[in-house]
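Below is one structure; the comments refer to it alone.
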Amino acid sequence: MTALAIDQGTTSTRALLVDAAGGITPLLGLPHRQSYPRPGWVEHDPEELIANLRACLDAAGGIADLAAVGLANQGESCLAWDSHTGQALGPVIVWQDDRTRDHIEDLRRAGAEPLVRDRAGLPLDAYFSASKLGWIMREIPQAATLAAQGRLRLGTTDAFFRDRLTGRFETDVTTASRTALMNLATCTWDTELCALFGVPPEALPAIGPTTGALGALACGARAVPLT
């Protein structure tokens, strides 16, 4: 059997074929644009990322013994989208982006860091996606509108990819643990952390396992499991 490994990284999307003996064959590599609209801001086009993922899947469509797909994503990069249309409300806010630095400092002065460290096991930092998702709620009016309609989806890029490519709005426990919104003791979204950052927990994806039957992906003309 052959597995397709896709790394959707910060500067490119790379696909590798891994055979049963552990041999690795590069299949495709596609760069994507980096956008810096303001000092400290770093963004990606979500549709460009999806298109590159689909190109990698299509490139593996002719592999006769392709048995499974593995997907790695940018752990802290995040966005918002419409559950009805699948369309993003704006660019991906990349993990490097520090637009929420001042807001983080306000939270630190207010004494919020011990709560974040205790519940999420992480420092209070703009690097993690919690404050970025809170920024979306404050600064993108459509996010509040869709939230009121029950149509808002918020998450890291893996949840967006899985929603669009498998039809399942889910993340895994490892990625969720890097948001600063997941309670490490329960492996569920923490209501106090969500309230602290201004993120509605009902808009976040279900948290599931890192491996297993995670949905089906179209590889050319056939479906291959994401595992």
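When the solvent-accessible area of the chain is split by element, carbon and sulfur atoms take up 56 percent of it, the probe being 1.4 Å. A 1.4 Å probe over all protein chains sorts S177, S129 by accessible area into S177, S129, starting with the largest. Going by accessible surface with a 1.4 Å probe and the largest first, H84, H44 read H84, H44. To the nearest 10 square angstrom, how much accessible area does T188 have with a 1.4 angstrom probe? Roughly 70 Å² of T188 is accessible to a 1.4 Å probe. Looking at region 2-154, the DSSP beta bridges with both ends there are about 80 percent antiparallel.
Average accessible surface for the chain: 44 Å² per residue, computed with a 1.4 Å probe over protein heavy atoms with every protein chain in place.
For region 66-107, backbone nitrogen atoms closer than 11 Å to the point 7 Å from A148 Cα along Cα-to-C-beta are found at no residue. Take each peptide in 100-107, 18-25, 153-160, count the other Cβ atoms within 10 Å of every residue, and average; sorted highest first, the result is 153-160, 100-107, 18-25. Output the DSSP H helices from the chain with an along-axis C-alpha extent of no less than 18 Å and a mean Kyte-Doolittle hydropathy no less than -0.5. Flagged H segments are 46-59.
The values are calculated or read from the model by the stated rules, or taken from the named source; none is laboratory data. Remember, it's a predicted structure, so these values are computed and weren't measured experimentally. In this analysis, Cβ positions are derived from the backbone assuming ideal geometry, glycine residues included, and neighbour counts consider all displayed protein chains. Just so you know, the surface numbers come from the protein's heavy atoms only, side chains and all, with ligands and any DNA or RNA stripped out. Shrake-Rupley method; radii C 1.70, N 1.55, O 1.52, S 1.80 Å.
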